[in-house]
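Taking it in order: structure first as C-alpha coordinates, then the write-up.
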Amino acid sequence: MEFFLRAQFLIPLISVLALFPLSESNNNQFCDATNIYGDSECNVMSSVSSKILIKGGTVVNAHHKEVADVYIEDGTIVAVQPNIKVGDDIKVIDATGKFVMPGGIDPHTHLAMEFMGSETIDDFFSGQAAALAGGTTMHIDFVIPVDGSLSAGYEAYVEKAKRSCMDYGFHMAITKWNETVSEEMEIMVKEKGINSFKFFLAYKGSFMVNDELLMEGLKKCKSLGALAMVHAENGDAVFEGQKRMIELGITGPEGHALSRPPVLEGEATARAIRLASFVNTPLYVVHVMSIDAMEEIARARKSGQRVVGEPVVSGLLLNDSVLWDPDFHFAARYVMSPPIRAAGHGTALQAALAAGVLQLVGTDHCTFNSTQKALGIGDFRKIPNGVNGMEERMHLVWDTMVASGQISVTDYVRITSTECARIFNIYPRKGAILVGSDADIIILNPNSSFKISSKSHHYRTDTNVYEGWTGKGKVETTIAGGRVVWENDELKVIPGAGNHIEMPPFSYLFDGIDKADAKYLSSLRAPIKRSTT
(Lines give C-alpha, C1' and ligand atoms only; values in the text may rest on other atoms or scores of the structure.)
Protein backbone atom coordinates (compact mmCIF):
# COMPACT_ATOMS: atom_id res chain seq x y z
CA MET A 1 0.00 0.00 0.00
CA GLU A 2 1.33 3.44 -0.90
CA PHE A 3 2.79 5.32 2.02
CA PHE A 4 1.14 8.78 2.00
CA LEU A 5 2.11 11.50 4.45
CA ARG A 6 0.54 14.70 3.21
CA ALA A 7 -2.55 14.67 5.40
CA GLN A 8 -1.40 12.56 8.33
CA PHE A 9 1.96 14.16 9.10
CA LEU A 10 1.94 17.62 7.55
CA ILE A 11 0.28 19.44 10.48
CA PRO A 12 2.73 18.06 13.11
CA LEU A 13 5.57 18.86 10.72
CA ILE A 14 4.46 22.51 10.41
CA SER A 15 4.37 22.76 14.20
CA VAL A 16 7.89 21.40 14.49
CA LEU A 17 9.19 23.73 11.77
CA ALA A 18 7.71 26.69 13.60
CA LEU A 19 9.81 25.84 16.65
CA PHE A 20 12.92 24.76 14.75
CA PRO A 21 13.01 26.55 11.36
CA LEU A 22 15.16 24.71 8.85
CA SER A 23 17.05 27.84 7.91
CA GLU A 24 20.71 28.49 7.38
CA SER A 25 21.02 29.60 10.98
CA ASN A 26 19.89 26.16 12.13
CA ASN A 27 22.95 24.66 10.46
CA ASN A 28 25.10 26.60 12.91
CA GLN A 29 24.12 23.98 15.48
CA PHE A 30 26.41 21.62 13.63
CA CYS A 31 30.19 21.62 13.59
CA ASP A 32 31.59 21.42 10.10
CA ALA A 33 34.83 19.73 9.14
CA THR A 34 36.87 22.88 9.71
CA ASN A 35 36.01 23.24 13.38
CA ILE A 36 34.96 19.82 14.63
CA TYR A 37 37.65 19.83 17.31
CA GLY A 38 36.73 23.26 18.69
CA ASP A 39 34.60 23.61 21.76
CA SER A 40 32.87 26.99 21.61
CA GLU A 41 31.06 26.36 18.34
CA CYS A 42 30.08 22.84 19.33
CA ASN A 43 28.56 23.20 22.78
CA VAL A 44 25.06 23.84 21.51
CA MET A 45 21.68 22.18 21.75
CA SER A 46 21.11 19.32 19.32
CA SER A 47 18.74 20.10 16.46
CA VAL A 48 15.48 18.27 15.96
CA SER A 49 15.74 15.03 14.02
CA SER A 50 15.01 15.45 10.33
CA LYS A 51 12.34 13.78 8.28
CA ILE A 52 14.10 12.30 5.30
CA LEU A 53 13.09 10.33 2.23
CA ILE A 54 15.77 8.39 0.37
CA LYS A 55 14.46 7.68 -3.11
CA GLY A 56 15.30 5.19 -5.80
CA GLY A 57 18.31 3.44 -4.32
CA THR A 58 19.04 -0.26 -4.01
CA VAL A 59 18.31 -1.04 -0.38
CA VAL A 60 20.71 -3.72 0.84
CA ASN A 61 20.32 -5.86 3.93
CA ALA A 62 22.39 -8.91 4.82
CA HIS A 63 19.59 -11.18 3.64
CA HIS A 64 18.10 -9.28 0.72
CA LYS A 65 18.37 -6.33 -1.65
CA GLU A 66 15.68 -4.44 -3.55
CA VAL A 67 15.07 -1.11 -5.23
CA ALA A 68 12.97 0.84 -2.74
CA ASP A 69 12.53 4.16 -0.98
CA VAL A 70 13.32 4.63 2.70
CA TYR A 71 11.40 7.09 4.86
CA ILE A 72 12.91 8.28 8.16
CA GLU A 73 11.23 10.16 10.96
CA ASP A 74 12.46 11.03 14.45
CA GLY A 75 15.57 8.90 14.08
CA THR A 76 13.67 5.75 13.10
CA ILE A 77 12.99 4.02 9.79
CA VAL A 78 9.24 4.32 9.23
CA ALA A 79 8.83 2.71 5.80
CA VAL A 80 10.84 0.75 3.23
CA GLN A 81 8.97 0.24 -0.03
CA PRO A 82 8.82 1.51 -3.61
CA ASN A 83 7.32 4.85 -4.55
CA ILE A 84 6.79 6.43 -1.15
CA LYS A 85 4.98 9.77 -1.43
CA VAL A 86 5.63 12.59 1.03
CA GLY A 87 4.93 16.26 1.47
CA ASP A 88 7.01 18.92 -0.22
CA ASP A 89 8.80 19.93 2.97
CA ILE A 90 10.50 16.60 3.57
CA LYS A 91 14.22 16.40 2.75
CA VAL A 92 14.55 14.11 -0.27
CA ILE A 93 17.81 12.40 -1.19
CA ASP A 94 18.09 10.86 -4.65
CA ALA A 95 19.93 7.54 -4.38
CA THR A 96 19.29 6.33 -7.93
CA GLY A 97 22.10 4.03 -9.03
CA LYS A 98 23.51 3.85 -5.51
CA PHE A 99 23.37 1.42 -2.60
CA VAL A 100 21.42 2.29 0.55
CA MET A 101 22.81 0.23 3.41
CA PRO A 102 22.91 0.06 7.20
CA GLY A 103 25.64 2.20 8.67
CA GLY A 104 28.76 0.32 9.60
CA ILE A 105 29.31 -1.00 13.11
CA ASP A 106 32.94 -1.22 14.17
CA PRO A 107 33.25 -3.92 16.85
CA HIS A 108 36.77 -3.02 17.97
CA THR A 109 38.02 0.46 18.87
CA HIS A 110 40.11 2.20 21.51
CA LEU A 111 39.28 5.89 21.95
CA ALA A 112 40.82 8.04 24.70
CA MET A 113 42.63 4.93 25.94
CA GLU A 114 45.58 5.22 28.33
CA PHE A 115 48.19 2.78 27.12
CA MET A 116 51.98 2.33 27.18
CA GLY A 117 52.64 5.63 28.90
CA SER A 118 50.45 7.68 26.60
CA GLU A 119 46.82 8.19 25.59
CA THR A 120 45.33 7.60 22.17
CA ILE A 121 45.11 10.87 20.24
CA ASP A 122 41.52 10.31 19.09
CA ASP A 123 38.81 10.73 21.69
CA PHE A 124 35.11 9.91 21.57
CA PHE A 125 34.42 13.00 19.47
CA SER A 126 37.25 13.10 16.95
CA GLY A 127 37.30 9.35 16.39
CA GLN A 128 33.55 9.17 15.96
CA ALA A 129 33.46 12.20 13.67
CA ALA A 130 36.02 10.52 11.42
CA ALA A 131 34.05 7.28 11.52
CA LEU A 132 30.89 9.05 10.38
CA ALA A 133 32.74 10.56 7.43
CA GLY A 134 33.67 7.00 6.47
CA GLY A 135 30.22 5.48 6.85
CA THR A 136 30.45 3.90 10.31
CA THR A 137 27.54 4.93 12.54
CA MET A 138 28.25 2.90 15.69
CA HIS A 139 31.28 1.40 17.37
CA ILE A 140 31.99 -0.70 20.44
CA ASP A 141 34.89 0.51 22.57
CA PHE A 142 36.86 -1.32 25.23
CA VAL A 143 36.54 -0.10 28.81
CA ILE A 144 39.83 -0.58 30.65
CA PRO A 145 39.47 -1.12 34.42
CA VAL A 146 41.06 1.36 36.81
CA ASP A 147 43.42 -0.54 39.11
CA GLY A 148 41.45 -3.65 38.28
CA SER A 149 38.10 -2.07 39.20
CA LEU A 150 35.42 -2.54 36.55
CA SER A 151 33.10 0.03 38.11
CA ALA A 152 35.79 2.70 38.24
CA GLY A 153 36.74 1.94 34.65
CA TYR A 154 33.14 2.14 33.53
CA GLU A 155 32.59 5.52 35.19
CA ALA A 156 35.78 6.84 33.61
CA TYR A 157 34.58 5.84 30.15
CA VAL A 158 31.12 7.26 30.70
CA GLU A 159 32.85 10.57 31.33
CA LYS A 160 35.06 10.18 28.25
CA ALA A 161 32.03 9.48 26.07
CA LYS A 162 30.04 12.60 27.02
CA ARG A 163 30.99 14.41 23.78
CA SER A 164 30.09 11.46 21.55
CA CYS A 165 28.53 12.38 18.23
CA MET A 166 27.31 8.88 17.31
CA ASP A 167 26.04 5.80 19.07
CA TYR A 168 28.46 3.50 20.86
CA GLY A 169 28.58 0.43 23.06
CA PHE A 170 31.11 -0.91 25.54
CA HIS A 171 33.09 -4.09 25.95
CA MET A 172 34.84 -4.55 29.29
CA ALA A 173 38.42 -5.76 29.75
CA ILE A 174 39.28 -8.07 32.64
CA THR A 175 42.84 -7.62 33.89
CA LYS A 176 42.78 -9.39 37.25
CA TRP A 177 40.53 -11.77 39.16
CA ASN A 178 38.93 -11.80 42.58
CA GLU A 179 35.45 -12.00 44.05
CA THR A 180 34.90 -8.27 43.59
CA VAL A 181 35.65 -8.51 39.87
CA SER A 182 33.25 -11.43 39.59
CA GLU A 183 30.51 -9.41 41.28
CA GLU A 184 31.23 -6.37 39.14
CA MET A 185 30.91 -8.43 35.97
CA GLU A 186 27.36 -9.23 37.01
CA ILE A 187 26.65 -5.53 37.57
CA MET A 188 28.08 -4.65 34.16
CA VAL A 189 25.79 -7.16 32.44
CA LYS A 190 22.61 -6.61 34.42
CA GLU A 191 22.78 -2.86 34.98
CA LYS A 192 25.21 -1.27 32.49
CA GLY A 193 24.35 -2.97 29.20
CA ILE A 194 27.72 -4.68 28.68
CA ASN A 195 27.55 -8.22 27.29
CA SER A 196 31.19 -8.96 26.44
CA PHE A 197 34.45 -9.23 28.38
CA LYS A 198 37.94 -9.23 26.91
CA PHE A 199 40.88 -11.21 28.25
CA PHE A 200 44.41 -10.28 27.16
CA LEU A 201 46.72 -13.26 26.76
CA ALA A 202 49.48 -10.76 25.89
CA TYR A 203 51.07 -7.65 27.48
CA LYS A 204 52.87 -9.40 30.32
CA GLY A 205 53.10 -7.24 33.40
CA SER A 206 50.09 -5.09 32.56
CA PHE A 207 46.93 -6.52 30.98
CA MET A 208 47.93 -10.18 30.61
CA VAL A 209 45.95 -12.90 32.38
CA ASN A 210 47.02 -16.47 33.02
CA ASP A 211 45.07 -19.62 32.21
CA GLU A 212 43.60 -19.87 35.69
CA LEU A 213 42.10 -16.38 35.44
CA LEU A 214 40.93 -17.06 31.90
CA MET A 215 39.13 -20.19 33.07
CA GLU A 216 37.38 -18.32 35.86
CA GLY A 217 36.42 -15.58 33.42
CA LEU A 218 35.07 -18.03 30.85
CA LYS A 219 32.88 -19.69 33.47
CA LYS A 220 31.56 -16.35 34.69
CA CYS A 221 30.85 -15.17 31.15
CA LYS A 222 28.90 -18.33 30.46
CA SER A 223 26.76 -17.94 33.57
CA LEU A 224 25.95 -14.33 32.66
CA GLY A 225 25.29 -14.97 28.96
CA ALA A 226 28.18 -12.65 28.11
CA LEU A 227 30.59 -13.22 25.26
CA ALA A 228 34.20 -13.94 26.18
CA MET A 229 36.76 -12.24 23.93
CA VAL A 230 40.50 -12.86 23.73
CA HIS A 231 43.54 -11.02 22.47
CA ALA A 232 45.38 -14.17 21.50
CA GLU A 233 49.17 -14.01 21.72
CA ASN A 234 51.35 -15.99 24.12
CA GLY A 235 52.51 -13.19 26.38
CA ASP A 236 55.25 -15.18 28.10
CA ALA A 237 56.77 -16.18 24.78
CA VAL A 238 56.44 -12.64 23.41
CA PHE A 239 58.33 -11.35 26.46
CA GLU A 240 61.09 -13.85 25.71
CA GLY A 241 61.07 -12.86 22.04
CA GLN A 242 61.45 -9.20 22.96
CA LYS A 243 64.48 -9.95 25.14
CA ARG A 244 65.98 -12.00 22.30
CA MET A 245 65.64 -9.14 19.83
CA ILE A 246 67.21 -6.61 22.21
CA GLU A 247 70.11 -8.99 22.86
CA LEU A 248 70.63 -9.23 19.09
CA GLY A 249 70.71 -5.44 18.84
CA ILE A 250 67.40 -5.27 16.96
CA THR A 251 65.77 -2.24 18.55
CA GLY A 252 63.75 -0.75 15.67
CA PRO A 253 60.12 -1.38 14.62
CA GLU A 254 61.09 -4.58 12.80
CA GLY A 255 61.95 -6.04 16.20
CA HIS A 256 58.28 -5.74 17.16
CA ALA A 257 57.19 -8.17 14.44
CA LEU A 258 60.17 -10.48 14.92
CA SER A 259 59.51 -10.79 18.67
CA ARG A 260 55.91 -11.98 18.28
CA PRO A 261 55.72 -14.27 15.22
CA PRO A 262 52.51 -15.89 13.93
CA VAL A 263 53.18 -19.15 15.79
CA LEU A 264 52.62 -17.34 19.10
CA GLU A 265 49.28 -16.00 17.87
CA GLY A 266 48.31 -19.47 16.68
CA GLU A 267 49.26 -21.09 19.98
CA ALA A 268 47.27 -18.65 22.09
CA THR A 269 44.27 -18.87 19.77
CA ALA A 270 44.31 -22.67 19.99
CA ARG A 271 44.65 -22.57 23.77
CA ALA A 272 41.77 -20.13 24.23
CA ILE A 273 39.58 -22.15 21.87
CA ARG A 274 40.23 -25.37 23.73
CA LEU A 275 39.56 -23.82 27.13
CA ALA A 276 36.32 -22.30 25.82
CA SER A 277 35.38 -25.75 24.51
CA PHE A 278 36.10 -27.25 27.91
CA VAL A 279 33.78 -24.72 29.57
CA ASN A 280 31.35 -24.91 26.61
CA THR A 281 30.95 -21.19 26.10
CA PRO A 282 31.18 -19.08 22.93
CA LEU A 283 34.47 -17.34 22.16
CA TYR A 284 35.30 -14.23 20.13
CA VAL A 285 38.89 -13.90 18.88
CA VAL A 286 39.73 -10.25 18.24
CA HIS A 287 42.06 -8.94 15.51
CA VAL A 288 42.93 -12.23 13.78
CA MET A 289 46.17 -11.31 11.99
CA SER A 290 47.70 -14.60 10.83
CA ILE A 291 47.05 -17.79 8.93
CA ASP A 292 48.05 -19.64 12.10
CA ALA A 293 45.21 -18.14 14.14
CA MET A 294 42.71 -18.32 11.29
CA GLU A 295 43.32 -22.05 10.80
CA GLU A 296 42.68 -22.74 14.48
CA ILE A 297 39.36 -20.89 14.20
CA ALA A 298 38.48 -22.78 11.02
CA ARG A 299 39.20 -26.11 12.70
CA ALA A 300 37.07 -25.24 15.72
CA ARG A 301 34.14 -24.00 13.67
CA LYS A 302 34.26 -27.09 11.46
CA SER A 303 33.88 -29.21 14.60
CA GLY A 304 30.80 -27.20 15.58
CA GLN A 305 32.35 -25.00 18.24
CA ARG A 306 31.00 -21.47 18.54
CA VAL A 307 34.01 -19.35 17.76
CA VAL A 308 33.88 -15.93 16.12
CA GLY A 309 36.92 -14.66 14.22
CA GLU A 310 37.40 -10.92 13.72
CA PRO A 311 40.03 -9.78 11.23
CA VAL A 312 40.86 -6.08 11.12
CA VAL A 313 41.43 -3.91 8.06
CA SER A 314 45.16 -3.55 8.64
CA GLY A 315 45.58 -7.32 8.75
CA LEU A 316 43.58 -7.80 5.57
CA LEU A 317 45.40 -5.19 3.49
CA LEU A 318 48.89 -4.42 4.78
CA ASN A 319 52.09 -6.44 5.01
CA ASP A 320 55.05 -6.16 7.33
CA SER A 321 57.56 -4.84 4.77
CA VAL A 322 56.78 -1.33 6.09
CA LEU A 323 58.35 -2.22 9.44
CA TRP A 324 61.76 -2.53 7.76
CA ASP A 325 61.61 0.98 6.30
CA PRO A 326 64.81 2.91 7.13
CA ASP A 327 62.75 5.89 8.34
CA PHE A 328 61.89 5.13 11.97
CA HIS A 329 58.93 7.51 12.04
CA PHE A 330 57.40 5.90 8.95
CA ALA A 331 57.93 2.34 10.20
CA ALA A 332 56.73 3.08 13.75
CA ARG A 333 53.30 4.21 12.59
CA TYR A 334 52.58 0.57 11.61
CA VAL A 335 53.40 -0.97 15.00
CA MET A 336 50.38 -2.75 16.43
CA SER A 337 49.70 -6.05 18.21
CA PRO A 338 49.44 -8.69 16.96
CA PRO A 339 51.79 -7.31 14.30
CA ILE A 340 51.02 -6.77 10.66
CA ARG A 341 52.18 -10.00 9.02
CA ALA A 342 54.23 -10.95 6.00
CA ALA A 343 52.68 -10.86 2.54
CA GLY A 344 50.32 -13.82 2.08
CA HIS A 345 48.63 -13.70 5.45
CA GLY A 346 46.33 -10.87 4.37
CA THR A 347 45.13 -12.58 1.21
CA ALA A 348 44.49 -15.77 3.19
CA LEU A 349 42.43 -13.81 5.70
CA GLN A 350 40.47 -12.22 2.86
CA ALA A 351 39.67 -15.68 1.49
CA ALA A 352 38.61 -16.86 4.95
CA LEU A 353 36.35 -13.85 5.32
CA ALA A 354 34.78 -14.49 1.93
CA ALA A 355 34.22 -18.15 2.85
CA GLY A 356 32.62 -17.38 6.22
CA VAL A 357 35.47 -18.81 8.29
CA LEU A 358 35.86 -15.30 9.69
CA GLN A 359 32.65 -13.43 10.44
CA LEU A 360 33.05 -9.64 10.64
CA VAL A 361 35.61 -6.87 10.17
CA GLY A 362 36.85 -4.48 12.85
CA THR A 363 39.65 -1.94 12.96
CA ASP A 364 41.37 -2.04 16.37
CA HIS A 365 41.49 1.73 15.88
CA CYS A 366 44.08 2.91 18.41
CA THR A 367 45.85 6.04 17.17
CA PHE A 368 49.00 7.77 18.35
CA ASN A 369 50.70 10.66 16.61
CA SER A 370 54.31 10.84 15.46
CA THR A 371 55.51 12.37 18.71
CA GLN A 372 53.90 9.59 20.73
CA LYS A 373 55.27 6.87 18.47
CA ALA A 374 58.73 8.41 18.87
CA LEU A 375 58.72 7.33 22.52
CA GLY A 376 60.07 4.06 21.16
CA ILE A 377 63.14 5.38 19.37
CA GLY A 378 65.93 3.02 20.42
CA ASP A 379 63.54 0.43 21.90
CA PHE A 380 60.60 -0.95 19.91
CA ARG A 381 59.02 -2.17 23.16
CA LYS A 382 58.19 1.45 24.01
CA ILE A 383 56.43 2.31 20.74
CA PRO A 384 52.73 2.77 21.57
CA ASN A 385 50.87 0.02 19.71
CA GLY A 386 48.06 0.94 17.35
CA VAL A 387 46.93 2.09 13.91
CA ASN A 388 43.96 3.98 12.46
CA GLY A 389 40.94 2.52 10.67
CA MET A 390 37.57 3.89 11.81
CA GLU A 391 37.25 6.28 8.87
CA GLU A 392 38.71 3.96 6.22
CA ARG A 393 37.13 0.59 7.05
CA MET A 394 33.96 0.79 4.97
CA HIS A 395 35.76 2.09 1.88
CA LEU A 396 38.66 -0.33 2.03
CA VAL A 397 36.49 -3.39 2.66
CA TRP A 398 34.26 -2.44 -0.27
CA ASP A 399 37.22 -1.89 -2.59
CA THR A 400 39.09 -5.01 -1.49
CA MET A 401 36.23 -7.45 -1.08
CA VAL A 402 33.27 -6.26 -3.20
CA ALA A 403 34.81 -4.34 -6.09
CA SER A 404 37.26 -7.22 -6.55
CA GLY A 405 34.41 -9.75 -6.72
CA GLN A 406 35.32 -11.71 -3.59
CA ILE A 407 31.99 -11.12 -1.84
CA SER A 408 28.49 -9.89 -2.68
CA VAL A 409 26.90 -6.61 -1.67
CA THR A 410 24.71 -8.42 0.87
CA ASP A 411 27.79 -10.10 2.35
CA TYR A 412 29.38 -6.67 2.65
CA VAL A 413 26.48 -5.53 4.82
CA ARG A 414 26.79 -8.69 6.88
CA ILE A 415 30.51 -8.35 7.66
CA THR A 416 30.52 -4.59 8.24
CA SER A 417 27.26 -4.20 10.18
CA THR A 418 24.67 -6.94 10.57
CA GLU A 419 26.77 -9.72 12.04
CA CYS A 420 28.18 -7.37 14.65
CA ALA A 421 24.64 -6.33 15.61
CA ARG A 422 23.60 -9.98 15.90
CA ILE A 423 26.64 -11.09 17.89
CA PHE A 424 26.20 -8.28 20.41
CA ASN A 425 22.43 -8.67 20.51
CA ILE A 426 21.26 -5.31 19.14
CA TYR A 427 19.77 -6.57 15.87
CA PRO A 428 17.49 -5.42 14.23
CA ARG A 429 17.65 -2.09 16.05
CA LYS A 430 21.10 -1.80 14.47
CA GLY A 431 22.54 -3.47 11.40
CA ALA A 432 19.40 -3.41 9.25
CA ILE A 433 17.23 -1.21 7.09
CA LEU A 434 13.88 -2.39 8.34
CA VAL A 435 10.78 -0.67 9.67
CA GLY A 436 11.49 0.20 13.30
CA SER A 437 15.29 0.07 12.98
CA ASP A 438 17.39 3.05 13.97
CA ALA A 439 17.98 5.44 11.07
CA ASP A 440 21.72 4.76 10.77
CA ILE A 441 22.14 4.60 7.01
CA ILE A 442 24.81 5.14 4.38
CA ILE A 443 24.48 5.80 0.66
CA LEU A 444 27.40 4.35 -1.26
CA ASN A 445 28.13 5.15 -4.89
CA PRO A 446 29.95 2.19 -6.44
CA ASN A 447 31.11 4.34 -9.35
CA SER A 448 32.74 7.07 -7.27
CA SER A 449 36.36 6.92 -6.21
CA PHE A 450 38.02 7.67 -2.89
CA LYS A 451 41.54 8.62 -1.89
CA ILE A 452 42.97 8.37 1.60
CA SER A 453 45.32 11.01 2.96
CA SER A 454 46.39 12.31 6.35
CA LYS A 455 45.80 15.78 4.93
CA SER A 456 42.10 15.15 4.41
CA HIS A 457 41.16 12.56 7.03
CA HIS A 458 39.21 13.68 10.09
CA TYR A 459 41.41 12.25 12.86
CA ARG A 460 43.61 14.23 15.19
CA THR A 461 46.63 12.12 14.29
CA ASP A 462 49.16 13.39 11.74
CA THR A 463 49.70 10.07 9.94
CA ASN A 464 47.62 7.46 8.18
CA VAL A 465 48.73 3.87 7.57
CA TYR A 466 46.66 3.81 4.34
CA GLU A 467 48.24 7.00 2.97
CA GLY A 468 47.65 7.37 -0.76
CA TRP A 469 45.28 4.42 -1.06
CA THR A 470 42.72 4.89 -3.83
CA GLY A 471 39.77 2.76 -4.80
CA LYS A 472 36.21 2.47 -6.02
CA GLY A 473 33.10 2.80 -3.92
CA LYS A 474 32.57 5.96 -1.92
CA VAL A 475 30.22 6.69 0.95
CA GLU A 476 28.57 9.88 -0.26
CA THR A 477 26.00 10.27 2.52
CA THR A 478 25.91 9.17 6.15
CA ILE A 479 22.77 9.42 8.26
CA ALA A 480 23.18 8.78 11.98
CA GLY A 481 20.26 8.88 14.39
CA GLY A 482 18.09 10.33 11.65
CA ARG A 483 20.46 13.23 10.92
CA VAL A 484 22.49 13.78 7.77
CA VAL A 485 26.01 14.07 9.18
CA TRP A 486 28.06 13.54 6.00
CA GLU A 487 27.02 14.89 2.62
CA ASN A 488 28.82 16.59 -0.28
CA ASP A 489 32.15 15.88 1.46
CA GLU A 490 31.01 18.00 4.40
CA LEU A 491 30.95 16.70 7.94
CA LYS A 492 28.32 18.07 10.34
CA VAL A 493 28.43 16.53 13.78
CA ILE A 494 27.03 17.45 17.17
CA PRO A 495 28.90 16.68 20.42
CA GLY A 496 26.53 14.89 22.75
CA ALA A 497 24.31 13.54 19.97
CA GLY A 498 25.57 9.99 20.45
CA ASN A 499 23.92 7.52 22.79
CA HIS A 500 25.24 4.61 24.78
CA ILE A 501 23.56 1.53 23.34
CA GLU A 502 22.96 -1.11 25.97
CA MET A 503 23.58 -4.63 24.73
CA PRO A 504 21.62 -7.40 26.46
CA PRO A 505 23.14 -10.81 27.28
CA PHE A 506 22.44 -14.20 25.72
CA SER A 507 22.84 -13.46 22.03
CA TYR A 508 22.11 -16.15 19.45
CA LEU A 509 25.55 -17.66 20.12
CA PHE A 510 24.18 -19.03 23.39
CA ASP A 511 21.21 -20.79 21.81
CA GLY A 512 21.31 -24.48 22.72
CA ILE A 513 24.24 -24.23 25.14
CA ASP A 514 22.08 -25.62 27.95
CA LYS A 515 21.11 -28.62 25.83
CA ALA A 516 24.73 -29.32 24.99
CA ASP A 517 25.58 -29.18 28.70
CA ALA A 518 22.79 -31.63 29.49
CA LYS A 519 24.01 -33.98 26.78
CA TYR A 520 27.53 -33.82 28.19
CA LEU A 521 26.34 -34.64 31.72
CA SER A 522 24.30 -37.57 30.51
CA SER A 523 27.31 -38.94 28.63
CA LEU A 524 29.55 -39.17 31.66
CA ARG A 525 28.18 -42.48 32.94
CA ALA A 526 29.52 -41.52 36.33
CA PRO A 527 29.86 -41.69 39.24
CA ILE A 528 29.93 -45.49 39.37
CA LYS A 529 28.67 -47.13 42.55
CA ARG A 530 31.44 -49.39 43.79
CA SER A 531 31.73 -51.75 46.68
CA THR A 532 34.03 -50.54 49.46
CA THR A 533 34.73 -54.10 50.62
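The values are calculated or read from the model by the stated rules, or taken from the named source; none is laboratory data. If you're wondering where the values come from, they're calculated on a predicted model, not measured in any experiment. For neighbour counting, all protein chains shown are included, and Cβ atoms are generated from backbone atoms with ideal geometry for every residue, glycine included. SASA here: full protein model, heavy atoms, side chains in, ligands and nucleic acids out. Shrake-Rupley method; radii C 1.70, N 1.55, O 1.52, S 1.80 Å.
Using the 2.2 N^0.38 Å rule of thumb for compact globular proteins, work out how segment 386-440 stacks up: its C-alpha Rg over that value, please.
1.24
So what's segment 354-417 giving for Rg/Rh, alpha carbon basis, Kirkwood Rh from the mean inverse pair distance?
Rounded to two decimals, Rg/Rh equals 1.16.
Just round it to a whole percent: the fraction of Cα-Cα distances in segment 159-269 exceeding 25 Å.
Across segment 159-269, Cα pairs with separations above 25 Å total 37 percent.
Please list the three semi-axes, largest first and in whole Å, of the ellipsoid equivalent to segment 161-201, using sqrt of 5 times the eigenvalues of its alpha carbon gyration tensor.
22, 13, 8
Quick one: accessible area per residue over segment 420-533, 1.4 Å probe, rounded to a whole number of Å²?
51 Å²
Only loop residues by DSSP count here, and only those with at most 10 other Cβ atoms within 10 Å; note down the trypsin sites (Lys or Arg not before Pro) in segment 406-515 that meet that.
Filter output for segment 406-515: LYS455.
Tell me, what % of the accessible area of the chain is carbon and sulfur with a 1.4 angstrom probe?
Percent of accessible area from carbon and sulfur atoms in the chain: 52.
Could you name the aspartates and glutamates in cross-link range of LYS455, using Cα to Cα under 17 Å and dropping any fewer than eight places away on the same chain?
Counting by Cα, and skipping residues close in sequence, LYS455 has these aspartates and glutamates nearby: ASP32, ASP122, GLU391, GLU392, GLU467, ASP489, GLU490.
Starting from 0.36 nm per residue, how many nanometres of slack lie between ASP462 and VAL92 once their C-alpha separation is accounted for?
Contour length minus the Cα-Cα distance gives 129.5 nm.
Normalising by the residue count of the chain, find the relative contact order in percent from Cα pairs under 8 Å and 6+ residues apart.
21 percent
Which far-off residues, 5 or more places away or on another chain, put their amide H under 5 Å from the one on LYS198, with H placed in the peptide plane?
Distant-sequence amide H within range of LYS198: MET172, ALA173, ILE174, MET229.
If you wrap segment 93-201's Cα atoms in a convex hull and average its projection over all directions, what's the area in nm²?
Result: 8.6 nm².
Largest first, how would PHE170, PHE328 line up by accessible area (1.4 Å probe)?
PHE328, PHE170
Which residues among segment 395-424 fall inside the zone where the amide N is under 19 Å from a point 7 Å beyond the Cα of THR470, along Cα→Cβ?
395-401, 403-404
So how much slack lies between ASP514 and ALA374, counting 0.36 nm per residue of separation and subtracting their Cα-Cα distance, in nm?
Result: 45.3 nm gained on full extension.
Report the label-to-label distance for SER321 and LYS302 in nanometres (one decimal), using points 7 Å from each Cα along the Cα→Cβ vector.
A separation of 3.1 nm, rounded to one decimal place.
Hull surface divided by four, with the convex hull built on the Cα atoms of segment 414-515: how many nm²?
If you wrap the Cα atoms of segment 414-515 in a convex hull and average its projections, you get 9.2 nm².
As an exercise, use a Förster radius of 45 Å and the Cβ-Cβ distance of VAL158 and LYS243 to find the FRET efficiency, rounded to the nearest 0.05.
The computed FRET efficiency comes out at 0.70.
By DSSP, what percent of the beta bridges with both residues in segment 60-160 are antiparallel, rounded to the nearest 5?
Of all bridge pairs located within segment 60-160, approximately 70 percent are antiparallel.
Report the calculated FRET efficiency for HIS63 and GLN406 (r = Cβ-Cβ distance, R0 = 25 Å), to the nearest 0.05.
0.85
Across the Cα atoms of segment 490-533, what radius of gyration and what greatest pairwise Cα-Cα distance (Dmax) are found, in Å?
Every Cα atom of segment 490-533 included, Rg and Dmax give 25.2, 86 Å.
List every residue whose amide H lies under 5 Å from the amide H of ASN234, counting only residues 5 or more places away in sequence or on a different chain, with H placed 1.01 Å from N in the peptide plane.
The answer is GLU265, ALA268.
Once you place label points 7 Å from the Cα toward the Cβ at GLU502 and ALA355, how far apart are they in nm?
For the pair GLU502/ALA355, the computed spacing is 4.2 nm.
Translational diffusion coefficient, Stokes-Einstein: compute it for the chain using the Kirkwood radius over C-alpha pairs as Rh, at 10 °C and 1.306 mPa s, and state it as an integer in µm² s⁻¹.
Result for D is 66 µm²/s.
Between LYS219 and ARG525, what length in nm is gained on full extension when 0.36 nm per residue of separation is reduced by their alpha carbon distance?
107.8 nm
Dividing the convex hull volume of the alpha carbon atoms of segment 298-413 by its residue count, what do you get in Å³ per residue?
Spelled out: Cα convex hull of segment 298-413, divided by residues, is 117 Å³.
To the nearest 20 debye, what charge dipole does the chain have about its Cα centre, counting +1 at the Cβ of each Lys and Arg and -1 at the Cβ of each Asp and Glu?
In total the dipole reaches around 1600 debye.
Considering segment 123-170, what Rg and Dmax in Å follow from its alpha-carbon atoms?
In order Rg, Dmax, the Cα atoms of segment 123-170 give 11.5, 35 Å.
Which is farthest toward the positive dipole end of the chain among ALA374, ASN499, HIS171, measuring Cα position about the Cα centre, with Cβ charges +1 (Lys, Arg) and -1 (Asp, Glu)?
After comparing all options, I get HIS171.
Where the convex hull is taken over the Cα atoms of segment 290-361, what is its projected area averaged over directions, in nm²?
4.6 nm²
Taking N as the number of residues in segment 346-498, what is its Cα Rg relative to 2.2 N^0.38 Å?
Normalised Cα radius of gyration, segment 346-498: 1.14.
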